[in-house]
Structure formats: C-alpha cells, structure tokens
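Student: Pasting in a structure now, in structure tokens, and then I'll have a few things to ask.
The values are calculated or read from the model by the stated rules, or taken from the named source; none is laboratory data. Please read all numbers here as calculations on a predicted model, not as lab measurements. A quick note on method: Cβ atoms are made from the backbone with ideal geometry, for glycine too, and the neighbour counts reach across all protein chains shown.
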Amino acid sequence: MLVGYTSLHVAFLGRFPLQYLHMRILYLQTFPLWGSGSGTYARYLASEVGKHFKVAMVAPDNRKIPNVTLFPLKMPFRVAFTGHPEWPDCRLYTQLSNHEIIWVYKDFLDSVVYAVENFQPNIIHVHHSFPLSWVSRVIKSTYQIPYIITVHGSELPTVQKDRRYLALTGDALRRARRIVPNSFYTKEWLFKIFGDEFRSAVRVIPGGVDLQKFNPDLSTSDLDKKYNLSGKRIVLFAGKLTSYKGVKYLIKAAKKITAAEVVILGEGPERANLEKMAADLGLNNTVFIGHLGTSNDLNKFYKRAAVFVAPSVWDEPLGLVILEAMASKTPVVVTRKGGIPLAVKDGVNGYFVRPRNASEIAEKVNLLLNDEEKRAKMAENARRIVEEKFSWEAIAHRFILMYMRFAYFPKNKNHNK
C-alpha cells in the first residue's frame, strides 16, 4: 500500500493519470442537510467521498460534516419544493413571483461563484434538477467545470405545475455530463417531463444508508422511559406530514391494530388534521412525537419498532426512511409506489399494500405482529438487502468512478485551455 493513499486510490492508479488522485469535488444542495431525504443523501455521500478526495459543499447549513468543507448558500428567503421540517414557514417555488425567482438565482449564483473561486473544484455535483443546476450551467460555460445532476424526484411536481422552471432546467440537464435519478421510477418521470433526449446521459443510483448509525444493536431503554413505551410494541411512521405521505390511512388502520402503539414521527402541514382524525376516531394507541431533529432518537425508534409503515399515495422516488428502517432490522409495510420496489421485495423483507387502503395496512401489520418467526426472518432479510445494495461505501464508489471520468483539470487558474 502506498503511504497516504487509501485502497480506493491504489485501485485507480492503473486507470487514471496521477493528477486524478488529487481531484476536488464540489456539491451543491439547496436545503438543510438534516430533515429531508435529499439533505441526508447529500450529507452522507459527501462525507463518504471525502474519505478519499477533497470535498466541499454549498448548502444553507453550517453544521459540521466529517471530511467536508462547507460554504454558505445565501438565500433571500427560505423556499422549498414541498416544504421542509426545519423551515416550517418557508415559501414554495410555485408561490414565487417572477422577480423573486431571479432574486433567488442571483444569490445562488453569488454563493457558488465564491465557492468555486476558493475551492477550485474539478467537477460539480448538483442535488436536484433545479435551481442550482442553472448556476452550474453558467459555471460550466465560464470556468469549464463539468457537472452532474442527481434528480431526487421531489422537485419534479414543481416543474410539472409551473412551466417557468421548465426551459432553464431542460437546458441545464442538456449540458450535464451525467443525470442521476435516485430510482428507475424517477428516471421515467424525468423523461415524461423533459423527453427522451437525455436517455444516454442517465444512470440510476439510489441513496444509501449509514450501516453503523442505523443498526440493530442500539440500546433503546432510554427511549422507552423518555416516551413512556415500556412493554409496548411499536408500529412506526417517520417523515414529513404531508398529504402525499398517506399517513391518514395508517391512522385509520390503527383502529384495527390492537397489539401495538402507532408512533408518528415528523412535522408538516397535515399534523393538525391527522391529530384531529385520531381524536375523532377515539384512538388511544396513536402517538404524535414530532420532528426529532439531529438527536439519536430516530435510529433508536427504527430499532425499537416491530414494523415500519410507509403508506405513501404518491410515487415516492425512494424513501430513505424505508432503507434506514430496513438497516435497523425492521420489516416494512409500504405501498408499491415510485422507486420503493427497488428496495422492498414482497414477502421477503416486508409487504406491499395498495395505496389509500387502511384495511390492507392493518392486515399486513397484524400479520407481522402475530407471527414473530416470520417477522424475525423478514428483519434479517431487510438488513441483508441494505448491506448488499445500499451501503454508502458502495454508492459513493459508483459516483467516484463517474467523477474520475469527467473531472476537468485546467492548465491555469483562469481555466483556459
């Protein structure tokens, strides 16, 4: 082994010039790095890649991430696609005026230019198909720095609803070296909106899981005491409380789930309606705990749960919470929507139910609660599937090969050829 190089570096020595060992990758993310699937994806990927190469990120977050240098993302106001639990009062992109869109873009451009000048990346990795991709398009034209785009899926309904975002996003996708949807469903959704011209540039790479953080060996005794759960079995939901997530169907199912406590983790615009529904149904086995922030309680809840339920009614790109539950040896009950079948195999590590069907949710949950042997076997399978297909080490390796292929090394600081 060469001193100072990881085994990954050594593996590349015969395939790429030595300058590639000093590659610098800049990530762009428009949301906080906690509290959402894309933030989690961005955080873990950057940290894993940062074990091997110099990595920086532009994001509206200043919490430290191992192996990553952070640059601030200036924003005139907080804005999201469907909302964000850490930004409860944020605007939505569909609500912005024309002038506000330009305002956001100008701040984003200033932020990324500052990072590019100071970090001098060889390649840029953009999270979400817009709006930071628009900035990357300009950076590519002026600095010659290539970029790839991860399409998370949560941004696509906004493009469908609001055509102001269509042309600039399409042009940014056209100039990207690779477009990386997080599931096969997200890929087809992308083609439906923007057409088939991007097929040759597309490679599907899902999100991953921190196998050490989300693991089945955590002690949860403090959780029982903190939330009064001693002796109770738990059926868990975790995620944003929006209508898309279908949580109301889990609440309706709770009436028939008599052998467990239904625990709802998360915040969102639907919380008040969901709590009222639970009260109207007279449920005494349903608990709303809210958003857990950056505490370690979420991974403990995954471990503590007997079953994890994701009753989504929209085409979920690929919910990372499902992978995190599986990594904690918790079988899942999910709808067959979007990218979810990429991770879940019916009868192997969980069960599929039809969307908007509370009776099926109750039936499958009770099946697992009443058959411990079956539940335990599915729990083992859940962990094994995540280890084989969804570790961040494996996901990062696929991206690193992509970066190595497309990175640009200028001959001088002005990036002139």
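Student: Please find, within segment 54-99, the residue that is farthest from residue 118 (Cα to Cα) out of those that are among the small types (Gly, Ala, Ser) and surrounded by 13 or more Cβ atoms within 10 Å (Cβ to Cβ).
Tutor: The extreme case among them is 83.
Student: Still on this structure: What strands (runs of 3 or more DSSP E), lying completely within segment 211-308, carry at least 2 residues that are closer than 28 Å to residue 394 by Cβ and under 25 Å from the mean Cα position of the chain (by Cα)?
Tutor: It comes to 234-238.
Student: While we're here: Scan segment 273-287 and give yes if some residue there is in the same structural domain as residue 333 (by TED's automatic domain parsing) and at pLDDT below 90, otherwise no.
Tutor: We begin by selecting, within segment 273-287, every residue in the same structural domain as residue 333 (by TED's automatic domain parsing); these are 273-287.
Cutting the leftovers down to at pLDDT below 90 gives us none.
No, there is no match, as no residue in segment 273-287 is in the same structural domain as residue 333 (by TED's automatic domain parsing) and at pLDDT below 90.
Student: Against the conditions (1) in a helix (DSSP H, G or I); (2) in contact (Cβ under 8 Å) with a residue 60 or more places away in the chain; (3) more than 21 Å from residue 99 (Cα to Cα), where does residue 164 fall short? Just the number, please.
Tutor: The single condition residue 164 does not satisfy is (3).
Student: Hey, can you tell me all the residues within segment 385-399 that are in contact (Cβ under 8 Å) with a residue 12 or more places away in the chain and part of a helix (DSSP H, G or I)? Outline the logic, then answer.
Tutor: We begin by selecting, within segment 385-399, every residue in contact (Cβ under 8 Å) with a residue 12 or more places away in the chain; these are 385-387, 389-399.
Listed by number, the residues that qualify are 385, 386, 387, 389, 392, 393, 394, 395, 396, 397, 398, 399.
Student: If residue 68 satisfies every condition in (1) more than 22 Å from the chain's Cα centre (by Cα); (2) under 24 Å from residue 321 (Cα atoms) but one, which is the exception?
Tutor: (1)
Student: Sticking with this one: I need a count of the residues in segment 116-161 that are under 19 Å from the mean Cα position of the chain (by Cα) and not in a helix (DSSP H, G or I).
Tutor: 16
Student: Here's a follow-up. For segment 225-245: of the residues being modelled with pLDDT of 95 or more and farther than 16 Å from residue 292 by Cβ, which is surrounded by the fewest Cβ atoms within 10 Å (Cβ to Cβ)?
Tutor: Of everything passing the filter in segment 225-245, 233 is surrounded by the fewest Cβ atoms within 10 Å (Cβ to Cβ).
Student: Can residue 150 be described as more than 24 Å from residue 33 (Cα to Cα) and either basic (Lys, Arg) or modelled with pLDDT of 95 or more (or both)?
Tutor: No; evaluated as a whole, the condition is false for this residue.
Student: In segment 219-232, which residues are basic (Lys, Arg) and either closer than 12 Å to residue 302 by Cα or without any contact (Cβ under 8 Å) to a residue 12 or more places away in the chain (or both)?
Tutor: 225
Student: For the list (1) touching a helix residue (DSSP H, G or I) at 6+ places or on another chain (Cβ under 7 Å); (2) modelled with pLDDT of 90 or more, I need the number of the one condition that residue 319 fails.
Tutor: For residue 319, the failing item is (2).
Student: Additional query: For the structure I just gave you, tell me whether residue 380 is touching a residue at least 24 places away in the same chain (Cβ under 8 Å), surrounded by fewer than 17 Cβ atoms within 10 Å (Cβ to Cβ) and either in a helix (DSSP H, G or I) or touching a Pro at 6+ places or on another chain (Cβ under 8 Å) (or both).
Tutor: The answer is yes for residue 380.
Student: Before we move on, is residue 127 at pLDDT below 95, of a type outside the set (Ser, Thr, Tyr), within 20 Å of residue 25 (Cβ to Cβ) and not assigned by TED's automatic domain parsing to the domain that holds residue 239?
Tutor: Answer is no for this residue.
Student: Run residue 310 past the list (1) small (Gly, Ala, Ser); (2) buried (at least 24 other Cβ atoms within 10 Å of the Cβ); (3) without any contact (Cβ under 8 Å) to a residue 60 or more places away in the chain and report the number of the one that doesn't hold.
Tutor: (3)
Student: Out of all the residues in segment 84-102, is one or more touching a Lys or Arg at 6+ places or on another chain (Cβ under 6 Å), within 30 Å of residue 195 (Cβ to Cβ), at pLDDT 95 or above and not hydroxyl-bearing (Ser, Thr, Tyr)?
Tutor: Among the residues of segment 84-102, not one is touching a Lys or Arg at 6+ places or on another chain (Cβ under 6 Å), within 30 Å of residue 195 (Cβ to Cβ), at pLDDT 95 or above and not hydroxyl-bearing (Ser, Thr, Tyr), which makes the answer no.
Student: If you go through segment 177-184 one residue at a time, do you hit one that is in contact (Cβ under 8 Å) with a residue 12 or more places away in the chain, assigned by TED's automatic domain parsing to the domain that holds residue 401, of a type outside the set (Phe, Trp, Tyr) and surrounded by fewer than 19 Cβ atoms within 10 Å (Cβ to Cβ)?
Tutor: Yes, there is a match, as at least one residue in segment 177-184 is in contact (Cβ under 8 Å) with a residue 12 or more places away in the chain, assigned by TED's automatic domain parsing to the domain that holds residue 401, of a type outside the set (Phe, Trp, Tyr) and surrounded by fewer than 19 Cβ atoms within 10 Å (Cβ to Cβ).
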